[in-house]
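Enquirer: Below: one structure in structure tokens.
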Amino acid sequence: MVRLLFLVPFLAVYLLTSCKKDKPSNDPITYGSSFALNLFAEKAVYKPGETVRFSINRNLQGDWKVRLRHLNSLILEQPVSGNSVSIALPAQDFKGYLVELVEIKEGKEIIQASIGVDVSSDWHRFPRYGFLSKFGAIREMEMEKTMEQLTRHHINGLQFYDWQYKHHQPLAGTGALPMQSWTDIANKEVRLNTLKKYIELAHEKGMKTMFYNLAFGALEDAAADGVKEEWYLFKDANRKEKDKHVLPQPFFKSDIFLTDAGNGEWQNYLINQNKQVYQALDFDGYHVDALGDRGKLYNYNGEPVNQAEDFSSFLAAIKNAAPAKKMVMNAVNQYGQRESIALAPVDFLYTEVWHPNETYADIATILGNNYFLSDGKPTVLAAYMNYTLSDNPGYFNTPGLLLTDAVIFSLGGAHLELGEHILSKEYFPHTNLQVKDELRVALMKYYDFMVAYENLLRDGGEWNELAVVCTNQKMTINQWPPVSGNVSLLSKKVDNRQVLHLHNFNQATDLNWRDTNGQQRKPELVENAILRCMVNQKVTKVWVASPDHFQGAPQEISFVQEGNELVFTLPSLLYWNMIVIE
């Protein structure tokens with residue numbers, strides 16, 4: 001279930017507004033966009049050499065062409081008309097591309113739309129993780145619409161949240177004879193056919209599907225299902241009190257009692273339960289959840305237990321039992337990451353971020369530590385935005401979400417936030433906040449940008465420190481970490497390219513990524529800033545790209561180099577710019 005560790009402060013409001021019945025989401029992320037012109041791909045990710053067919057949301061009239069770029073290099077260009085175009089993708093694996101739809105008008109080329117394209121044979125290199133949280137009686141048309149929107153954001157993996165019957169018996173019935181419907185931990189209906197259809201649609205889009213469950217959870221009736229008393233964890237060495245995760249009832253079926261993830265018999269029991277799941281449902285793998293640091297715990301024999309270390313044997317057993325299946329585990333606020341998870345056979349790292357990791361600088365520290373601990377695996381962050389604001393109905397605050405995504409993406413991470421709606425709480429079905437048009441449009445461009453430039457953002461390189469100053473007082477630049485009122489600089493060397501990320505905090509109300517009350521302010525646009533930096537090689541080209549401008553397309557900019565001094569003019573900066581010096 002349930003990341004309900006921090007649910008209590010808003011649970012009363014949630015129960016009144018959300019739990020009595022399933023509300024249809026009004027979130028525009030699910031129900032379409034207001035783009036005047038937009039490109040759509042059939043899948044979220046493509047194989048090397050595959051042909052991609054793009055649909056266009058209106059018939060093109062006049063003189064148009066489509067361009068395929070890798071970074072700043074033009075790969076192909078061809079004319080286009082009507083409402084679709086097909087492109088044969090290059091044969092290289094693990095590459096990101098930008099497709100530009102260009103109108104030629106009065107002799108000028110105008111990039112009117114764009115879309116990112118990920119060419120990757122496996123999701124582990126560039127994971128973009130989304131979620132699903134409602135599995136009742138949903139019309140097929142609604143499911144298809146949800147999947148189309150997730151595909152447009154290039155989501156290549158889905159976490160099926162709280163789909164399970166019981167934590168210790170995730171599938172109702174058996175693999176050979178599953179029940180057609182059941183209720184989840186929150187007594188909400190789950191239908192087998194809905195799960196099957198979502199899995200089928202996800203696979204058609206090139207996405208991986210991961211079933212969610214705790215590593216160590218059992219409900220109060222677990223003894224009747226074969227769970228032994230000897231498998232539980234206790235708060236004392238004398239077995240007087242089982243450790244449990246308390247949930248308000250009757251809205252939830254039961255409290256969740258913690259079992260010992262390091263116990264071999266429990267591991268075998270859960271492995272057999274997982275086999276039933278895989279027999280009935282074509283999931284690609286297991287998203288393993290945890291509950292963070294539970295303090296001192298003891299096993300049935302009165303021996304102290306170190307959960308963080310025990311995750312190692314649990315994950316090894318799960319993988320050995322189903323080696324072809326994918327696996328991801330939540331390191332809640334990094335608990336267990338260093339001791340077990342980062343070294344385990346997980347596809348990538350996943351951290352649910354909580355206090356005291358509240359600043360943009362903390363985000364950078366987590367991503368950097370995970371990269372180091374795992375020898376370069378990428379990280380997905382479960383980081384819930386506008387947390388307190390979402391206690392009541394309203395709208396997400398656009399500047400808060402975009403500044404946080406800009407920081408996460410520029411540092412090579414991904415953000416678990418998109419599903420049937422955008423996440424604001426750890427209980428995924430919570431849907432109080434809607435999305436304004438400005439944010440809806442911007443998020444699509446941010447995800448296009450993350451994909452198009454993934455080989456600079458997420459494909460290795462070394463962070464360094466390059467001195468950059470603005471010589472005409474248009475902005476004040478500081479080295480990371482951010483400073484309110486300034487533009488913050490992150491520098492990275494990727495092959496023969498020096499990459500500079502500028503994050504605009506010139507109007508920031510604070511430097512907390514969660515923007516919990518939705519009060520983060522939009523940055524003030526900076527234009528024509530003259531920048532000077534020192535480089536120790538001959539520069540052949542300088543270009544800039546941003547999800548905030550020009551459909552994310554690269555713009556070459558003129559420069560002057562005298563010795564090691566490089567000077568150029570940055571056309572504009574809103575939230576985030578990526579400057580590339582070749």
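Just so you know, all these numbers are worked out from the coordinates, no wet-lab data involved. From a predicted model like this one, the values you see are computed outputs, not experimental measurements. Note that we place each Cβ from the backbone using ideal geometry, even for glycine, and neighbour counts take in every protein chain shown.
Enquirer: Compute the separation of the alpha-carbon centres of region 135-188 and region 321-374 and state it in Å as a whole number.
Expert: 25 Å
Enquirer: Give me the percent relative contact order of region 76-203, please, defined on Cα pairs under 8 angstrom at least 6 residues apart.
Expert: With pairs under 8 Å counted, the relative contact order is 19 percent.
Enquirer: Go through region 426-490 and name the trypsin sites (Lys or Arg not before Pro) that are in a DSSP coil and have 14 or fewer other Cβ atoms within 10 Å of their Cβ.
Expert: In loop regions of region 426-490 (DSSP not H, G, I, E or B), the sparsely surrounded trypsin sites (Lys or Arg not before Pro) are LYS436.
Enquirer: While we're here: With labels modelled as points extended 7 Å from the Cα through the Cβ direction, what inter-label distance (nm, one decimal) is found for PHE251 paired with TRP463?
Expert: Calculated label separation equals 3.9 nm.
Enquirer: Can you tell me the dipole magnitude for region 292-424 around its Cα centre, using point charges on the Cβ only (Lys, Arg +1; Asp, Glu -1), in Debye to the nearest 20?
Expert: Approximately 340 debye in magnitude.
Enquirer: Another question, if that's okay. Among GLY419, LEU502, PHE449, which residue has its Cα furthest toward the positive end of the charge dipole of region 409-526, with +1 on Lys/Arg Cβ and -1 on Asp/Glu Cβ?
Expert: Going by the Cα projections, it comes out as LEU502.
Enquirer: LYS474: which aspartates and glutamates have alpha carbons under 20 Å from its alpha carbon, excluding same-chain residues fewer than 8 sequence positions away?
Expert: Straight-distance partners of LYS474: GLU524, GLU527, ASP548, GLU565.
Enquirer: Find the Rg to Rh ratio for the chain, where Rh is the Kirkwood radius over alpha-carbon pairs and Rg uses the same atoms.
Expert: 0.98
Enquirer: Could I ask something else about it? In region 262-335, what trypsin sites (Lys or Arg not before Pro) fall in a loop by DSSP, with at most 12 other Cβ atoms inside 10 Å?
Expert: Counting only loop positions with at most 12 other Cβ atoms within 10 Å, the trypsin sites (Lys or Arg not before Pro) in region 262-335 are LYS296.
Enquirer: What is the sum of charges around ILE366, taking Lys and Arg as +1, Asp and Glu as -1, for the other residues whose C-beta is under 12 Å from the C-beta of ILE366?
Expert: Charge balance in the 12 Å sphere: -2.
Enquirer: In a shell of Cβ-Cβ distance under 14 Å around GLU582, excluding GLU582 itself, what net charge do Lys and Arg (+1) and Asp and Glu (-1) give?
Expert: Summing Lys/Arg as +1 and Asp/Glu as -1 gives +3.
Enquirer: By how many nm would the segment from THR471 to ASN306 lengthen if fully extended, with 0.36 nm per residue of separation less the alpha-carbon distance?
Expert: 53.9 nm
Enquirer: On to the next question. If you take the beta carbon distance between ILE111 and SER81 as r and set R0 to 25 Å, what does 1/(1 + (r/R0)^6) give as a FRET efficiency, to the nearest 0.05?
Expert: Calculated value: 0.90.
Enquirer: Could you please report the charge total around PHE94, scoring K, R as +1 and D, E as -1 over all other residues with beta-carbon less than 15 angstrom from its beta-carbon?
Expert: -2
Enquirer: Given 37 °C and 0.692 mPa s, how large is the Stokes-Einstein diffusion coefficient of region 485-582 in µm²/s, with Rh as the Kirkwood radius over Cα pairs?
Expert: Once the numbers are plugged in, D ends up at 226 µm²/s.
Enquirer: Can you give me the angle between helix 360-373 and the longest principal axis of the chain, using Cα atoms only, in degrees from 0 to 90, rounded to the nearest 10?
Expert: Once rounded, one gets 70 degrees.
Enquirer: If you don't mind, another one. Can you pick out the pairs among LYS197/LYS253; LYS134/LYS325; LYS145/LYS205; LYS244/LYS275 whose Cα atoms lie more than 19 Å from each other?
Expert: LYS197/LYS253; LYS134/LYS325; LYS244/LYS275
Enquirer: Report the percentage of all Cα-Cα pairs in region 46-119 whose separation exceeds 20 Å, rounded to a whole percent.
Expert: When every Cα pair of region 46-119 is considered, 28 percent fall beyond 20 Å.
Enquirer: Additional query: With only Lys, Arg, Asp and Glu charged, each at its Cβ (+1 for the first two, -1 for the last two), find how big the charge dipole of region 46-119 is about the Cα centre; round to the nearest 20 debye.
Expert: 80 debye
Enquirer: With angles folded into 0 to 90 degrees, how steeply does helix 192-204 sit against the dominant principal axis of the chain? Use alpha carbons for both and round to 10.
Expert: It is inclined by approximately 30 degrees.
Enquirer: Hey, which lysines would be in cross-link range of LYS108, C-alpha to C-alpha under 17 Å, not counting anything within fewer than 8 residues on its own chain?
Expert: Answer for LYS108, where 17 Å is the Cα cut-off: LYS65, listed by chain and number.
Enquirer: Further, regarding this structure: Under unit Cβ charges (Lys, Arg +1; Asp, Glu -1), what dipole magnitude, rounded to 20 debye, does the chain have relative to its Cα centre?
Expert: So the magnitude is around 620 debye.
Enquirer: Could you tell me which of GLY563, LEU381, VAL99 has its Cα farthest along the dipole of the chain towards the positive end, charges placed at Cβ (Lys, Arg +1; Asp, Glu -1), taken about the Cα centre?
Expert: VAL99
Enquirer: Report, to the nearest 10°, how far helix 140-152 tilts away from the longest principal axis of the Cα atoms in the chain, using its own Cα long axis and a range of 0 to 90°.
Expert: Long axis of 140-152 versus the principal axis of the chain: about 50 degrees.
Enquirer: Can you give me the relative contact order of region 411-557 as a percent, contacts being Cα pairs under 8 Å and 6 or more apart?
Expert: Averaging sequence separation for qualifying contacts and normalising by length gives 20 percent for region 411-557.
Enquirer: Just need the relative contact order of the chain here, percent rounded to a whole number, with Cα pairs under 8 Å and 6+ apart.
Expert: In percent, rounded to a whole number, it is 14.
Enquirer: If you don't mind, there's one more thing I want to ask. Between PHE559 and ARG521, what's the calculated FRET efficiency when r is the beta-carbon distance and R0 is 35 Å? Round to 0.05.
Expert: 0.65
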